[in-house]
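One structure is given below, encoded as structure tokens.
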Amino acid sequence: MMMAKRIEELQTELWLKNQMIDELRNMLNGTVRANGYRTSDGKFEINTSDILTKLIKLAAKHCDSYASDLFIQWKYDIDKHLYDGDMETQYFVFAFRDNGIDHKEWWELHKDDPHYYKEVWYLSVVVDETKITMELHK
């Protein structure tokens, strides 16, 4: 009985350590997460501030012009659907180059040219009935 309890304690400790390692790995890679929920009126409530901060910093770093493309894409592809409550599980692309930020469709056209983009980041959105999770990663 004592041995089984000790094994269970060690498994829990190992699981917690693995969670911490995953979080540290994500931090080192620049991954940013946000969790939210669906409100009673059907809209999504999620604090995307850390995700937007990361994207703004990347735009400032990489774009000589048209950095505001970020806000156009965010407004129409993300904010609108969060507000309307019709956001679906999907991913978005933020492909940074000298002259702006391309979305998924434009990125698809140029992704094979290794010199076209300075950095490419992906925003994964997972939606279920009551929750929403966003993860920005390279």
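Values in this text are rule-based calculations from the coordinates and carry no lab data. Treat the numbers as computed from the prediction; the structure is a model and nothing was measured. Heads up, the Cβs are rebuilt from the backbone with ideal geometry, glycines too, and the neighbour counts pull from every protein chain shown.
Around residue 63, with a cut-off of 10 angstrom between Cβ atoms, what is the net charge of the other residues, counting Lys and Arg +1 and Asp and Glu -1?
Taking every Cβ under 10 Å from that of residue 63, the sum is 0.
What does the net charge come to around residue 53 if you take all other residues with beta carbon closer than 14 Å to its beta carbon, with K and R at +1 and D and E at -1? Show your work: numbers first, answer last.
Values: positive: 33, 54, 57, 61; negative: 50.
That sum, taken over residues with Cβ under 14 Å, equals +3.
Roughly how tilted is helix 2-29, in degrees to the nearest 10 and between 0 and 90, from the longest Cα axis of the chain?
It works out to around 10 degrees.
Which whole-number percent gives the relative contact order of the chain, counting Cα pairs below 8 Å spaced six or more residues apart?
For the chain, the relative contact order is 27 percent.
Taking every pair of alpha-carbon atoms in the chain, give the share separated by more than 18 Å as a whole percent. Kindly include the intermediate steps, with their values, before the conclusion.
Numbers: 5892 of 9453 pairs.
Summing the P(r) tail past 18 Å for the chain gives 62 percent.
Amide H of residue 119 versus every other amide H placed in the peptide plane: which residues, excluding those fewer than 5 positions away on the same chain, fall under 5 Å?
96
Rounded to the nearest 10 degrees, what's the angle between the helix 49-62 long axis and the longest principal axis of the chain, both from Cα atoms, 0 to 90?
Value to nearest ten degrees: 50.
Over 32 Å between C-alpha atoms is what I'm after, so list which of 61/104; 57/131; 43/104; 17/104 land there.
Correct reply: 17/104.
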